[in-house]
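The numbers here are math on the coordinates, done by the rules we state, and not lab data. Everything numeric here is computed off the predicted structure, so don't read it as measured data. Note that we place each Cβ from the backbone using ideal geometry, even for glycine, and neighbour counts take in every protein chain shown.
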Number of protein chains: 2
Amino acid sequence: MGSLDLEDSQKCNINRPVENLLDPNEFRRQGHMIVDFIAEYYKNIEKYPVLSQVEPDYLRKLLPKSAPDYPEPIETIIQDVQDHIVPGLTHWQSPNYFAYFPSSGSIAGFLGEMLATGFNVVGFNWVSSPAASELESIVMDWLGQMLCLPDSFLFSGKGGGVLQGTTCEAILCTLVAARDQVLSKIGKQNIGKLVVYGSDQTHSAFQKASQIAGIHPSNFRVIETTTSTSFALSPDLLRSTICSDIEDGLVPIYLCATVGTTSTTAVDPLGPLCDVANVYGIWVHVDAAYAGSACICPEFRHFIDGVEGANSFSFNAHKWFFTTLDCCCLWVKDPNALIKSLSTNPEFLRNRATDSKQVVDYKDWQIALSRRFRALKLWLVLRSYGVEKIRSLLRSHVNMAKFFEQLIGRDERFEIVAPRNFALVCFRVSPSAISKGIIKSGGISENYYLGEKDSKEDEEKYCTNEINKKLLESINASGRLYMTHTVIDGMYVLRCAIGATLTEKSHIIMASMVVQEHADSILNM
Amino acid sequence: MGSLDLEDSQKCNINRPVENLLDPNEFRRQGHMIVDFIAEYYKNIEKYPVLSQVEPDYLRKLLPKSAPDYPEPIETIIQDVQDHIVPGLTHWQSPNYFAYFPSSGSIAGFLGEMLATGFNVVGFNWVSSPAASELESIVMDWLGQMLCLPDSFLFSGKGGGVLQGTTCEAILCTLVAARDQVLSKIGKQNIGKLVVYGSDQTHSAFQKASQIAGIHPSNFRVIETTTSTSFALSPDLLRSTICSDIEDGLVPIYLCATVGTTSTTAVDPLGPLCDVANVYGIWVHVDAAYAGSACICPEFRHFIDGVEGANSFSFNAHKWFFTTLDCCCLWVKDPNALIKSLSTNPEFLRNRATDSKQVVDYKDWQIALSRRFRALKLWLVLRSYGVEKIRSLLRSHVNMAKFFEQLIGRDERFEIVAPRNFALVCFRVSPSAISKGIIKSGGISENYYLGEKDSKEDEEKYCTNEINKKLLESINASGRLYMTHTVIDGMYVLRCAIGATLTEKSHIIMASMVVQEHADSILNM
């Protein structure tokens, strides 16, 4: 055939583009530049305001109206990243980042992501890259062992683990599996009868997943929690709610229990909840998105006692496990339940390995077909640091949170408003401090009193909330740190979530001082 | 407060872990090592068998049973990646990769992913990193312009674009939006009446999305296509199917039209299909996952003529646009339809920017809450290469496909079985060549004739398919290239999808020679 190639290629007008977009030398040169750029970014990260201070639509004013027709050099692009993108970042890797829950990166996590990006395999099934499927199964077994999950959640015990992008996807996949198990018995036309259960502290991802899965909104049960149980879901209330639904002819299918709620890291009592749910054949998913990490430490493992009664369990390695976004670890006892709901077998994906049923095709364990090789970063984190160091890092965050709690707690103007189970401290300026502030200064703006209040008590509550809101906004506007808020039991509360990789004791001391300084100013004392 | 810190920190037992997991110097050192490793990987990529040749469960035998307790050096880990992971990869970046559709990486895409990983922001809403939201809106408008999408799909025209992970998610999100629009009028209890439409060539992602969204399986319409329309969906058949459903009291809600089907890159006629769908108020989504990229070239733009009648449009930048996995570009005319179905507003995410309604909170445009800063890699690709170079790269792939088609087509044993619209060539050993082969050699294994066949014609068909299957397996087992197959109109067909970044003319020549050599051997001529 050799003699044909010149002639034919001319006919076909193959203009070989001048540049190889994966040229190894150029890859090396530009790759090193970006590594150096990010290293400098980490070195200087404390110089930036933690919460971005830009105004909406700032970037459109800085960038061209359309993509360039011709190449621009990497040097120009890097300069634009520094000048235009960095100011618009909220610096999640800053040691002064205490907002939401942290997204704690690490060198090992970064390297794993680089490798996955470099290989750029699309691991939908085993044959598309055996290493991607197999490494995932292996690290999920490793992690399951570290969490002392019962063997029934591991591949060795006929369960298994899978890496999803986020908890939202983990909940949606397990909910669909639970839904279809029941519908296969009672008929698909009865989808309107299905009921799902969570508490008023359950993550909004659950509501969204239920909505996507076609659960009727009026069958989404939000069971109230109270301060008396530290915002944990009550098994008794769960039981009575279920019974009432059954009496109404409805069909309970799914409970989302939480270990470490987003607002306050409350812990639902898994054992008693599973006991109730199991009576009615309800699928129990345990969402330990944040707190699951800590449960690799023996002293925290008790928080997931009872997980053996659940059907599925997930936590986010991208939150508090030094693995970059996104990486949600999900274990299920019955992979076939997932597979029945989520598998598709188009001809173009058929292959001998799949037909042999000897391999795991993870496409059938998740929403999407395509999937990145996420297991690499988790493997690198586990190997680069080892179990003991990861434990000691998690403990140091918990201890820093204790420390912050003490520093804030000894200032009588503040109160801690929920038990600190892990590394989140929920606090606020107390109503009594505010009363004093009002008396002393008269400095509270009149608009705190706008709107009609039912009583003096309501007015005080409202005023307390507004002052705490003002305090948080003032702290965040300073750029020195970033915390966020929640509202529990009607109280506006500041959340200090410790866990950013770069956070050290000195940042905790500084954080408590910043909070106090801004309180000084706002309370005008 | 300074005097307190020593005392308190001792009480709290803050053991500062010895190592900083984001230490800039160590980050630089290890980052450079991995860049060099990947550069070497690209340099040597042709030395590896394209399709991994490992056996199921190969990796469990090579790795320890549990995670290490203590750190391992990066040098050891890199060696293990080389020794244990690389052999288990199917090399999607190889120039001899012609399977499925390519996943074409580039230096710029890699750098963008590195930056996103380094910043590791969780961009669920604007305030969590304004640059992430705003850059995404900007590049989606840029890309929309490049595709000559009508202004109604761009932010400037009250539509807008969002980066999803995959087409599966894009379809699920738009389907849920379409579903809820209708249910808000006819009542949520009528979910069982909703009907969705695609063809027998529509990607399996659509079936999966429908299943997840609670569409009754018997209301999932698969409209047959034929060779006579080159496997495109017929507007007349669509209309008659819709009418029949309406007569049966059902409610049509969604059509998934495809530009560039997975089997053969068939193109559904968007204009006429939208004309039909619009009469019945059906949401039309255009899935141009693969072929959308090519439509930035004026000569291919006609394939999406009629898109102005659709409600949403998506293509995968991670397929044929030099942007690493995952990156699916979705535009919608009515973002509010997505937001109504997918938004959640938990207190802990409330903020002033969101309340002002001046910003885009992308969490309400997708399934998950958390999201990576994907816009960076797309921005880097567009800027590093520019529109003209990207067009010339896409054209070179199409021209290489034409070239392959000619090389294979002039060998009379082969036939091209579907029109080559883009850079995919569908071909097979023709039945006549096989008849000759059988006569000449008697070399066809008996088991091709196993099973009862209705007729001699059926037997011939079966035999042709089995031989083509054997040919493909033989080619792939050689490790010299990787192609996959499909079945259309009962024919087992080999697919040669050209588009890997490193592929050059020489690889095309080699690929055609490999195919011919293996055909020689199998046909025993």
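Cβ crowding within 10 Å, taken as a proxy for footprinting-reagent exposure, orders A:MET400, A:MET510 from fewest neighbours to most as A:MET510, A:MET400.
Evaluating 6.51 cos²θ - 1.76 cosθ + 1.60 at θ = phi - 60° for every residue in segment B:171-184, the Karplus couplings come out as 5, 4, 5, 6, 5, 5, 5, 4, 4, 6, 4, 6, 4, 5 Hz, glycine and proline recorded as x. Considering only B:SER52, B:MET513, B:GLY306, the residue lying farthest towards the positive end of the dipole of chain B is B:GLY306, judged by Cα position with unit charges set on Cβ. For the set A:LYS193/A:LYS319; A:LYS208/A:LYS389; B:LYS436/B:LYS461; A:LYS193/B:LYS208; A:LYS185/B:LYS193; A:LYS65/B:LYS158, the pairs lying more than 25 angstrom apart at their alpha carbons are A:LYS193/A:LYS319; A:LYS208/A:LYS389.
In terms of other Cβ atoms within 10 Å, B:ARG179, B:ARG420, A:ARG410 run from fewest to most in the order A:ARG410, B:ARG420, B:ARG179. Shielding by partners for peptide B:490-503, expressed as the average number of C-beta atoms from other protein chains within 10 Å of each residue's C-beta, is 1. Ascending distances from the B:GLN79 label point to its copies in the other chains, with the point 7 Å along the Cα-to-beta-carbon line: 4.4 nm.
For chain A, rounded, prolate or oblate, judged on the Cα gyration tensor with a ≥ b ≥ c (square roots of eigenvalues), a/c < 1.5 rounded, else prolate if a/b > b/c? Since a/c reaches 1.5 but b/c is at least a/b, the shape of chain A is classed as oblate.
Each of B:PRO24, B:LEU63, B:ASN96 was scored by the projection of its Cα onto the charge dipole of segment B:18-110, and the greatest displacement toward the positive side belongs to B:ASN96; charges sit on the C-beta of Lys, Arg, Asp and Glu. Computed over chain A, the per-residue total of -39500 (n - 2.57) for DSSP H runs of n ≥ 4 gives a 222 nm mean residue ellipticity of -13500 deg cm²/dmol, rounded to 500. Label-to-label distances for A:VAL487 across copies, nearest first, come out at 5.8 nm, using points 7 Å from Cα in the beta-carbon direction.
Take each residue in A:209-221, count the other chain C-beta atoms within 10 Å of its C-beta, and the mean is 4. Of the DSSP beta bridges with both residues in segment A:156-334, give the percent that are antiparallel, rounding to the nearest 5. Around 40 percent of the beta bridges assigned by DSSP in segment A:156-334 are antiparallel ones.
Ranked for footprinting exposure by Cβ neighbours inside 10 Å, fewest first, B:MET33, A:MET114, A:MET483 give B:MET33, A:MET483, A:MET114.
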